[in-house]
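Structure first, commentary second.
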Amino acid sequence: MADDTLIAVKPEIAVKARINAARHAAMTQAAATDPDRFWAEEAKRIAWIKPPTRIKNTDFSGTVSIKWFEDGVLNASVSCLDRHLATRGDQVAILWEGDDPGSDLKVTYRELHERVCKLSNALRRLGVKKGDRVCIYMPMIVEAAVAMLACARVGAVHSVVFGGFSPDSLASRIQDSECIVLITADEGRRGGRKVPLKANADEALRSCPSIRHVIVARNTGTAVAMQDGRDHWWDAMTAGEPATAEPEPMGAEDPLFILYTSGSTGKPKGVLHTTGGYMVWGSFTHDNVFDYREGEIYWCTADVGWVTGHTYIVYGPLANGATTLMFEGVPSWPDNGRFWQVVAKHKVNIFYTAPTAIRALMRDGDGPVKKHDRSSLRILGSVGEPINPEAWLWYYRVVGDERCPVVDTWWQTETGGILISPLPGATAQKPGSATLPLPGVKPALVDNDGKLLDGTAEGNLVLLDSWPGQMRTVYGDHERFVQTYFSTFKGMYFTGDGARRDADGYYWITGRVDDVINVAGHRMGTAEVESALVAHASVAEAAVVGMPHDIKGQGIYAYVTLVAGVEPTEALRKELVAWVRKEIGPIASPDAIQWAPGLPKTRSGKIMRRILRKIAANETSGLGDTSTLADPAVVQELIDNRVK
Ligand code: PRX
């Protein structure tokens, strides 16, 4: 670890930054001493129909209740659109860069407002009302953001499902929240390939009786099947609609969206975010962490299917009146200089991406970066997984020419926005550390018994108090919310992450301590991959763990026990990989499959994953206590046949 590398804030950055060290300290103090006053003031950054008078009302004990700004009334789309019309109606709101380097689009705030209103009217015409759930399964095109904002405008709760998910994954998410409308596109484009979204949707909808209507955006123009009465072309639906639509008045605690994410057990859970607190948090963090300045071009490379896309492509930047760049493509196509070519083309000032992309590009050397002009860049950000110091330094030195601060932002789908991060003008950086909490955020480390650890320590990362962007519940299952996040350590929100705190109070996130793995920044429950594997007729049992992976951070390592009589062959291995891709999506493809005649189990039948993780990581010298195993010989067999 590079604890000793300290990169001080450059004076020229501190001077101009909206938050310098002194202001950071003052804000932290103010948020701690009088949260109501501090957040009442910050709430003014968004537009309210009726401003809140009650600010914080949260309780992490018992049945857990989290309310912020509860008597406020607002509509999220107004903060993102209407209130900008007078001052920046002709400014570009969404700068879209297509997969094909020749294609781009500029959509101004006025145009975006108009497109959102037209779709809002169409949704209302289809009978969509406040509180109804609408699923969005879209490629990275402007219509994805329009769809989200139109849902917000009519008070419908959107549930965006990543376009890389399989029909089955889409179906289970639609079923869980009983969506009544699905918004999709004919096809998506990624890295020169087509993604058959409408065809996937049709397959999913065979088991989704709640869906009454499907709105299909024309993207690639390919012919797709349209079901009479159910399926409608976006263009035809919106063409005749008026260009204005009344925003639905929403209580601050009315739901804004559901986003499914993986946990350590069971099926993905619907993380529910509400309107007021989420919007304040998105605006507050986008503004301060990226030190955003009026007129800047801001680019977050995430997909809108993930929370990063929600908060830092759509809601945060648009609430702040930014120009947000939306990119349909991938970093490696048509060549591995694509990110930097786009930076040069659009003179991007703030660039926010994932460590997995940085590591993949670093492997190709400095050449593809240096070929393109990056002088517009001012701030670099990282998100999604721990960034190793080597990749951090490459990002800082090569991409940012040692000029741009790197903000390593730690947060989760559940937190709604960034919680731990440097502020460019206030925090000295250490490569590999997410550094310090934002004002109002109270992280702590506890041991496995829940005892708070002081000073320099390593343990489980918890949050001791609420912040406005926190998730409010698991959709339809509040008990699961309480169980998942508040039962491990009573009275605290448990993140599922482990972390270390150094002598300067800086946090170093070490990764998940539960059965969630982080593959190329995508969060995956090992249980989900296991259930996909055992659904295959040849598989008797499966255990999935993460393994270290140079580019992806973690890879998926599966131990598979075959049904008696089935021969382990290379063809079957390939078939199982393809099977998991089909069941969940390409992001869940196992990187390694080891045939396991038996799995290490305790006498009570519990699989000892600790041992499986060590074998997958080739750390077989320190396997720890194996005396409780039912059959210790199994371990040696697995070590001998480890997939290299
Ligand atoms: O393990 C942490 C890791 O990603 C998890 C959250 O994943 P997800 O809900 O998909 O949200 C990703 C985008 C916010 C966390 O529990 N993680 C996220 N950011 C970082 C990180 N780990 C280390 N450093 C980070 N900056």
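The values are calculated or read from the model by the stated rules, or taken from the named source; none is laboratory data. Fair warning: this is a prediction, and the values are worked out from it, not measured in the lab. When we count neighbours, we look across all protein chains shown, and the Cβ atoms used for this are built from the backbone with ideal geometry, even at glycine. Only protein heavy atoms, including side chains, enter the accessible area calculation; ligands, DNA and RNA are left aside. Shrake-Rupley method; radii C 1.70, N 1.55, O 1.52, S 1.80 Å.
Results, tabulated for the structure shown:
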| read-out | value |
| --- | --- |
| For residue 191: the one exception among (1) in contact (Cβ under 8 Å) with a residue 24 or more places away in the chain; (2) surrounded by fewer than 19 Cβ atoms within 10 Å (Cβ to Cβ); (3) within 20 Å of residue 160 (Cα to Cα) | (3) |
| Whichever residue in region 452-500 is more than 14 Å from the ligand (Cβ to nearest atom) and charged (D, E, K, R) and, among such residues, is farthest from residue 256 (Cα to Cα) | 454 |
| Looking only at region 280-315, and only at residues there that are more than 13 Å from the ligand (Cβ to nearest atom) and closer than 18 Å to residue 342 by Cα, the one that is surrounded by the fewest Cβ atoms within 10 Å (Cβ to Cβ) | 295 |
| Filtered residue count, region 323-336, keeping only those that are in contact with a Gly (Cβ under 8 Å, 6 or more places away or on another chain) and more than 11 Å from residue 301 (Cα to Cα) | 4 |
| Complete set of residues in region 352-363 that are crowded, with 23+ Cβ neighbours inside 10 Å and away from the ligand (no atom under 15 Å from the Cβ) | 361 |
| Members of region 386-434 found to be more than 10 Å from the ligand (Cβ to nearest atom) and on the phi > 0 side of the Ramachandran plot, listed by number | 401, 402 |
| Unique match (being closer than 27 Å to residue 313 by Cα and at pLDDT 95 or above) among 450, 400, 455, 498 | 400 |
| Test: residue in region 162-173 that is of a type in the set (Gly, Ala, Ser), in contact with a Leu (Cβ under 9 Å, 6 or more places away or on another chain) and under 23 Å from residue 523 (Cα atoms) | yes |
| Neighbours by Cβ (under 8 Å, 6+ apart or cross-chain): first from region 399-428, of a type in the set (S, T, N, Q); second more than 16 Å from the ligand (Cβ to nearest atom) and outside any loop (DSSP other than H, G, I, E, B) | 427/21; 427/24 |
| Segments classed as helices (runs of 4 or more DSSP H), wholly inside region 1-84, with at least 1 members that are without any contact (Cβ under 8 Å) to a residue 12 or more places away in the chain, on the phi < 0 side of the Ramachandran plot and surrounded by fewer than 20 Cβ atoms within 10 Å (Cβ to Cβ) | 11-16, 21-33, 35-42 |
| Lone unmet requirement of (1) away from the ligand (no atom under 14 Å from the Cβ); (2) open to solvent by 10 Å² or more (accessible area, probe 1.4 Å) for residue 556 | (2) |
| Single residue of region 614-628 satisfying the filter (of a type in the set (A, V, I, L, M, F, W, C) and modelled with pLDDT of 85 or more) that is surrounded by the fewest Cβ atoms within 10 Å (Cβ to Cβ) | 617 |
| Residue 143 being open to solvent by 70 Å² or more (accessible area, probe 1.4 Å) and touching a strand residue (DSSP E or B) at 6+ places or on another chain (Cβ under 9 Å) | no |
| Among (1) farther than 30 Å from residue 195 by Cα; (2) surrounded by 11 or more Cβ atoms within 10 Å (Cβ to Cβ); (3) in contact with a Ser or Thr (Cβ under 8 Å, 6 or more places away or on another chain), the one test that residue 572 misses | (1) |
| Some residue of region 528-548 being part of a helix (DSSP H, G or I), within 14 Å of the ligand (Cβ to nearest atom) and within 23 Å of residue 573 (Cα to Cα) | yes |
| Residues (buried (at least 22 other Cβ atoms within 10 Å of the Cβ) and within 16 Å of the ligand (Cβ to nearest atom)) located in region 231-267 | 257, 258, 259, 260, 262, 263 |
